[in-house]
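Bear in mind these aren't lab numbers, they're just calculated from the coordinates by the rules spelled out. Note that this is a predicted model, so its numbers are computed, not measured. Here the Cβ is made from the backbone with ideal geometry for all residues, glycine too, and neighbour counts use every protein chain on show.
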Amino acid sequence: MSQKKIFLICVAISTVSLLLHHGGHLSWTMEAFHLSCPGLRSFPLRGLKPKHTSVAFLKTHKTASSTMQNLLFRFAERNNVTVALPMQACSHQFCYPHSFTSHFVHPHTIPPNIITNHMRFNKAELQRLMPNDTIYITILREPGSMFESLFSYYNQYCQSFKRVPNGSLEAFLEDPWHYYRPDEKDSMYARNTVTFDLGGDKDRPATDVAYAQNFLGEVERTFSLVMIAEYFDESLVLLRHLLSWDLDDILYVKLNMRTTSSKRSLTPNLSAKIRAWNSIDARLYDHFNASLWRQLSDLGPACVAREVRLLRQAQERLMRSCFGQRMPLLRSATQIKNKDLRPWKPSGKVDIVGYDLPTNLSRGFSTQAQELCLKLVMPEVQYTRVLLRSQLLHYRRSYQLRSPQQPRSPQQPIRTVLLRHPQGQRNQPPPAAQGPASGTGSTSTTKPAKGAQDPTTKQGPKSSQTEAS
């Protein structure tokens, strides 16, 4: 047989193998390419442009950010990159509400590629921690629906809400200063919450337009993409293009939702009052919602519509492959038997729903496939524990395999070990430890939780390198 024929046979075999292995991605890519999507013309096939793996996602409150966090956790595990996780005294957040510092990061998750747990944004500290090529992303939600969600979710947790008679949103908005205390613990949930999360001053008066404009400009210069919760799928299309990711990397299931009966519709008058009380948040949302649609327009409406359709079809295929006709059951948190899937809630009066897997899910599935499906619907508190356990095991194995003179060896893929629940930690995380008070905005300063590590103590080597219902 001639060398030319042998060569052609090898090419044919390789092509078939590629199609079998990456058929879903190629179908997605070529269909979008057919519409001349600007972001795909230069790299229509996987592998021609590497995935960007250095990502800092600022997880804001009640904005579908838990869904986005789960997506990033799964991406990190599939691509074997390190996620910065909170030290254990901080529970599952970086000692929020205090301004982020690298001292809040577990030393065995440094240096990281991805960071996504709740924090109060501190650009300088994140730039010290994260790689130089880190892309910063966050997400916003329409102020009216977001504040209604915050009021319902933290009604028995935030004192500014708790002291309102009968838990009445109307009563609070009629005279918010009668109930709100700027320096009180957890006051950040009661006014301009997104502004606070972004490191801004939540209590700047609405008349200080110069501050709001300057703050908005700083956010725009820092964040390459500000997603919008109401257009989550369209935002993911932009994210995929920005990071050169595959379709499989942006699949998701909605997490940390309230029951439908616990939600309330807002009158135009209530919505206007919410926007006035949260004036900086409203300004941020209006600006970045318009910015999102300019970016989508640049990509091309036909292209975006096609990618959104392909995304939703792929999610349906994923759910069928995971659960078949036995779809995960949406239940109230108190009804979920599997503690790995029971979402945390701040009080017994908040009705949060999660997923209960079918009892016969294991039939016909490998252990690895079961784990993938489990993590797809795993709440943030449990997934943070699982991921920390996994990364600690990896760190210890890597440390044991190298001598002190040897450089740290490249990370090797390992299977995640699901964390068993220790006694006393089955229902909810311990209170977050309080770190040094932030220099911007206003919030109360409380003592650290018992057993919390002092941020000034040794934390390990420093890197030279970051629910919407």
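Which peptide among 208-214, 368-374 comes first, and what is the full order, when sorted by highest mean count of other Cβ atoms within 10 Å?
368-374, 208-214
Just want the answer: with Cβ charges of +1 for Lys and Arg and -1 for Asp and Glu, which residue in Ile250, Val308, Ala272 is farthest toward the dipole's positive end in segment 236-325?
Positive-most Cα among the choices belongs to Ala272.
With θ set to phi - 60° and the Karplus curve 6.51 cos²θ - 1.76 cosθ + 1.60, what are the ³J(HN,Hα) couplings of segment 74-81 in order, to the nearest whole Hz, using x for Gly and Pro?
Running phi through 6.51 cos²θ - 1.76 cosθ + 1.60 with θ = phi - 60° gives 5, 4, 4, 5, 5, 9, 6, 10 Hz.
Given R₀ = 45 Å, what would the calculated FRET efficiency be for Asp208 paired with His52, taking r from the Cβ atoms and rounding to 0.05?
0.75
What order do you get for 113-122, 245-254 when each peptide is scored by the mean count of other beta carbon atoms within 10 Å, highest first?
Working: 113-122: 25.0, 245-254: 18.3.
Result, highest mean Cβ count within 10 Å first: 113-122, 245-254.
Local charge sum around Tyr211 (other residues, Cβ-Cβ under 12 Å, Lys/Arg +1, Asp/Glu -1)? Could the numbers behind the result be given before it?
On the way: positive: Lys202, Arg204, Arg283; negative: Asp201, Asp203, Asp208, Glu218.
Taking every Cβ under 12 Å from that of Tyr211, the sum is -1.
Let me make sure I get this right: for segment 188-258, a, b and c are the square roots of the gyration tensor eigenvalues over alpha carbons, sorted descending. Under 1.5 in a/c it's rounded, otherwise prolate if a/b > b/c, else oblate. Which is it?
Here segment 188-258 falls in the oblate category.
Which far-off residues, 5 or more places away or on another chain, put their amide H under 5 Å from the one on Gly199, with H placed in the peptide plane?
Phe121
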